[in-house]
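The structure that follows is given in the form of structure tokens.
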Amino acid sequence: MMSSALLKLFRSTGSYLLAFSRHSIFRPHSVRGISVPKTDHERAAAARDLLKAAFGERVITADDPTSGPMVALTTPWSTTCHLPSAAYFQPVSAAEVSTALSIITKTQCKFAVRATGHNPNPGFSSTREDGVIIDLQLLNDKSFDPETGIASVGAGNTWGEVYTWLEGKGRSVMGGRYEEIGVAGFVLGGGMPGFVNLRGMGCDQVRGFEVVLGDGHTVHCSAEVRPDLYRALKGGGSNFGVVTTFYLQTYPLLKTQYTVSLYKPDDYANIIEASVATHKQMETDDQAAYFTNVHRDFVAIGQLYADTPEEEPKVFEPFRKLESMMAPVVPKTDGTLSTLAQAIGHRPPKGKRTIFTLSTKVDKDLYLAIHQIWQDVTATLPPSSEGTDLHYTIQPVTASAARAGRDNGTGGNALGLQEVSQNWCVFTLEYPRDGDDVVHQAAMDRLYEQVKAAAEERGLLLDFVCPTFADKRQDVLRGFGEENVGLIKDVAAKYDGEGVFQKLQYGGFLVRDL
Ligand SMILES: Cc1cc2nc3c(=O)[nH]c(=O)nc-3n(C[C@H](O)[C@H](O)[C@H](O)COP(=O)(O)OP(=O)(O)OC[C@H]3O[C@@H](n4cnc5c(N)ncnc54)[C@H](O)[C@@H]3O)c2cc1C
């Protein structure tokens, strides 16, 4: 039986009956009499014109006189994704997403779905003139059911908006560490919250999804209704449909304590030792989290705690013993998830960004080897004074994170996390100049190969690749393991029989690439 909590929520969104049937009352609006143009550019132009005819000013194009929205839409987080799409459509309801998908399939136009555009992989939430974007930022409804503790959150919301709104009601939800990133891309990519060891991944907090499928029908899923789709969406990304609403489990207001300090980079050996020692202690303290973010000119260490103890948490003792602190950038603060996200979030200048991630077991010698490889590659790049910054971040995950997702009574996620202590190390290259693309990507590729080999040689490389930090060429879905790959393939075939999200979607970690 479906839980009464979700039943109530699905009913309140107007589709109670649909929770039990394959088809929704939101019938797709048909678009008849269209002959499919030959080239991608012509198809995009045809889709743009139909969208304009249907939705008027909520379809923004390059020739639009209102340049403000256009500028915002063409400049997502990484300038590698500043691509000129044929049109940006901003739906205000699931029914409008359905109509847009109907237009897209009739015209066979390429498309991308965007929540906030923070993913730096070109083509994931951006297209060139040969495609259109469904931009979800106006789907920003939020409602809270005090009886069930479940928050219904539209796919256009950011974590900052959700945290602030929920905290006004004395509630918290485990989401991203940066206030401007989208709930949608984060959750669909698994999503690593600030306190991942406490309650698992971002996707583990979801109790239900509202999804518009490729055939235009709107359906709901949960642990009881379409459990296959529900589980696949928890990490399986944009393979199945456009998620329009997330039903999130909330908890009583979470108090947090945090501090971020800068350390001298030449003390890296002690910093790595302290990071490993702290990680080991975290295995018995799920309230603790940290990050060690290594740059050429400094190392930033953030110590985060899911409570406000009077005494310094014992788990961070190894960091307190370091003698190379240069300056505290965020002094010890008692706050909440929203103040934490504001404090550690940064708004760097617009720039090009490319990232990748590798998951390894926790080992001091491996970390030292990775640091040496990073130093060697960094030495081949322009100096940081010219705006080039290749940095890496140690992100500790304990066995509890995998257990929390598996044991929360919702059937688990599609990520295939191993129940071991692990580091989701993220490498980010930020640089200002277009002309550096080829050389810089080659440096990142070298770094990737060498770090991977170092972990493999020692038998410490894990298959899992966290989707939210991955480069578009990484084998993210296979990293979830055979069973989950099978689930994702089956669910994509079952709920998107025509393969709309495989054939027409611009990019993403998609089944078509397996
Ligand atoms: C400063 C910064 C801090 C970050 N911190 C964290 C962190 O703490 N933890 C973490 O795990 N990640 C973090 N990330 C990574 C971030 O979670 C990913 O880049 C994520 O993809 C961003 O989601 P979005 O909704 O903002 O992005 P978008 O770029 O809009 O979307 C990302 C992907 O999701 C798809 N998508 C978006 N919405 C939908 C939808 N409704 N239905 C179907 N598909 C959809 C898009 O098509 C695209 O493939 C951070 C990124 C930045 C830039």
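The values are calculated or read from the model by the stated rules, or taken from the named source; none is laboratory data. Nothing here was measured: the structure is a model prediction, and the numbers come from that model. Here Cβ is always computed from backbone atoms with ideal geometry, including for glycine, and neighbour counts include all displayed protein chains. Accessible surface is based on the protein model in full, side chains and every heavy atom, while ligands, DNA and RNA are left aside. Shrake-Rupley method; radii C 1.70, N 1.55, O 1.52, S 1.80 Å.
Would you check which residues across region 195-219 are assigned to a helix (DSSP H, G or I) and either more than 11 Å from the ligand (Cβ to nearest atom) or open to solvent by 10 Å² or more (accessible area, probe 1.4 Å) (or both) and list them?
Selection gives 197, 198, 199, 204, 205.
Could you list all residues from region 419-434 that are out of contact with any helix residue (DSSP H, G or I) (no Cβ under 6 Å at 6 or more places or on another chain) and either among the basic types (Lys, Arg) or free of Cβ contacts under 8 Å to residues at least 24 places away in the same chain (or both)?
Of everything in region 419-434, just one residue is out of contact with any helix residue (DSSP H, G or I) (no Cβ under 6 Å at 6 or more places or on another chain) and either among the basic types (Lys, Arg) or free of Cβ contacts under 8 Å to residues at least 24 places away in the same chain (or both), namely 433.
Find all pairs meeting these conditions: Cβ atoms under 6 angstrom apart; at least six residues apart or on different chains; first residue within region 211-230 and closer than 25 Å to residue 405 by Cβ; second residue assigned to a loop (DSSP other than H, G, I, E, B).
Close Cβ pairs (under 6 Å, with a partner that is assigned to a loop (DSSP other than H, G, I, E, B)) amount to 219/24; 223/410; 223/411; 224/2; 225/2; 227/411.
Then there's this: Given (1) at pLDDT 95 or above; (2) part of a strand (DSSP E or B), identify the lone condition not met by residue 479.
Tallying (1) at pLDDT 95 or above; (2) part of a strand (DSSP E or B), residue 479 fails exactly one: (2).
So which pairs qualify, if the first residue must be in region 398-416 and in contact (Cβ under 8 Å) with a residue 60 or more places away in the chain, the second must be of a type in the set (Lys, Arg), the Cβ gap must be under 6 Å, and the two must be at least 6 apart or on different chains?
Going by the 6 Å Cβ cut-off, the qualifying pairs are 404/199; 411/231; 412/406; 413/234; 414/231; 414/234.
Give region 120-143 a look and list any residue that's within 12 Å of the ligand (Cβ to nearest atom), within 20 Å of residue 106 (Cα to Cα) and in a loop (DSSP other than H, G, I, E, B), or say none.
Correct list: 127 only.
Please specify each residue of region 375-399 satisfying the condition of being among the hydrophobic types (A, V, I, L, M, F, W, C) and open to solvent by 40 Å² or more (accessible area, probe 1.4 Å).
Passing the criteria: only 379.
So residue 513 ticks every box in (1) touching a His at 6+ places or on another chain (Cβ under 9 Å); (2) open to solvent by 70 Å² or more (accessible area, probe 1.4 Å); (3) not small (Gly, Ala, Ser) but one. Which box is left unticked?
Against the list (1) touching a His at 6+ places or on another chain (Cβ under 9 Å); (2) open to solvent by 70 Å² or more (accessible area, probe 1.4 Å); (3) not small (Gly, Ala, Ser), residue 513 comes up short only on (1).
Right, something else. In region 178-187, which residue that is in contact (Cβ under 8 Å) with a residue 60 or more places away in the chain and touching a strand residue (DSSP E or B) at 6+ places or on another chain (Cβ under 8 Å) is farthest from residue 500 (Cα to Cα)?
179
If we keep just the residues of region 166-189 that are closer than 19 Å to residue 232 by Cα and near the ligand (Cβ under 8 Å from one of its atoms), which is most open to solvent (accessible area, probe 1.4 Å)?
Top of the filtered list is 185.
What is the residue count in region 229-259 for residues that are among the aromatic types (Phe, Trp, Tyr) and within 9 Å of the ligand (Cβ to nearest atom)?
2
May I pose another question? Among all residue pairs at least 6 apart or on different chains, which show Cβ distances below 6 Å where the first residue, located in region 155-177, is among the acidic types (Asp, Glu) and the second is surrounded by 19 or more Cβ atoms within 10 Å (Cβ to Cβ)?
167/338
Residue 160 - would you say it is over 26 Å from residue 412 (Cβ atoms) and within 13 Å of the ligand (Cβ to nearest atom)?
Yes.
Moving on to the next point. When you look at residue 439, is it at pLDDT below 95 and β-branched (Val, Ile, Thr), yes or no?
Values: at pLDDT below 95: yes; β-branched (Val, Ile, Thr): yes.
Considered against the rule, which asks whether it is at pLDDT below 95 and β-branched (Val, Ile, Thr), residue 439 comes out as yes.
In region 92-105, is there at least one residue being in a loop (DSSP other than H, G, I, E, B), at pLDDT 95 or above and either of a type in the set (Lys, Arg) or surrounded by 22 or more Cβ atoms within 10 Å (Cβ to Cβ) (or both)?
No, every residue in region 92-105 fails to be in a loop (DSSP other than H, G, I, E, B), at pLDDT 95 or above and either of a type in the set (Lys, Arg) or surrounded by 22 or more Cβ atoms within 10 Å (Cβ to Cβ) (or both).
The conditions are (1) farther than 22 Å from residue 261 by Cβ; (2) touching a helix residue (DSSP H, G or I) at 6+ places or on another chain (Cβ under 9 Å), and residue 387 fails exactly one of them. Which is it?
Failing condition for residue 387: (2).
Just need a number here: residues in region 38-72 that are assigned to a helix (DSSP H, G or I), aliphatic (A, V, I, L, M) and either touching a helix residue (DSSP H, G or I) at 6+ places or on another chain (Cβ under 8 Å) or at pLDDT 65 or above (or both).
Residues of region 38-72 assigned to a helix (DSSP H, G or I): 40-58, 67-72.
Add one more test, that the residue is aliphatic (A, V, I, L, M), and what stays is 44-47, 50-51, 53-54, 70-72.
Still in the running and either touching a helix residue (DSSP H, G or I) at 6+ places or on another chain (Cβ under 8 Å) or at pLDDT 65 or above (or both): 44-47, 50-51, 53-54.
Number of matching residues: 8.
So, in region 146-157, of the ones that are open to solvent by less than 20 Å² (accessible area, probe 1.4 Å) and more than 12 Å from the ligand (Cβ to nearest atom), which residue ends up farthest from residue 61 (Cα to Cα)?
149
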